[in-house]
Amino acid sequence: MTATFATVDDYIGSFPPETQAVLQEMRRTIHRVVPDAGEKISYQIPAVTIGGKVVVYFAGWKHHVSLYPVLDGDDDFERLVAPYRASKGTLKFLLSEPVPYGVIETVARHLLAQHQASA
């Protein structure tokens, strides 16, 4: 049976302390970029929202953390995210390496701009 989570805090709290610290920093990084954002659990992972609409998802796994959906961008953006692309739309950051919070911030800005353009 898959665990279900009522809140983002419940979700983050289900991980080992080292992973919790990374997820909390991802959360803070995203919230710095996405002002007045809300949060919810969607698809059993944390989602950062504006007006109830999801801007970005983030998730923890045994050996990595991920960010979704990372849509295509210009050449500079693609060069930045290429080392972390796990599949179309997914970035994967290994927990065995320093997490590039600057990349997460840039991706969050990119997703926020896309969200605002489609709103």
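The values are calculated or read from the model by the stated rules, or taken from the named source; none is laboratory data. Bear in mind the structure is a predicted one, so any value in this text is a computation, not a measurement. Counting neighbours? That spans all protein chains shown, and the Cβs are built from the backbone with ideal geometry, glycine included.
Residues in the stretch 59-92 that are among the hydrophobic types (A, V, I, L, M, F, W, C), in a strand (DSSP E or B) and modelled with pLDDT under 95 were compared, and the one that is nearest to Ile30 (Cα to Cα) is Val70.
Restricted to the stretch 1-43, and to residues that are part of a helix (DSSP H, G or I) and of a type in the set (D, E, K, R), which residue is surrounded by the most Cβ atoms within 10 Å (Cβ to Cβ)? Out of the qualifying residues, it is Arg27.
For the stretch 60-84, residues that are loosely packed, with under 15 Cβ neighbours inside 10 Å and either among the aliphatic types (A, V, I, L, M) or farther than 22 Å from Val34 by Cα (or both) total 8. Screening Gly52 with (1) in contact with a Leu (Cβ under 8 Å, 6 or more places away or on another chain); (2) within 26 Å of Ala117 (Cβ to Cβ) gives one miss only, at (1).
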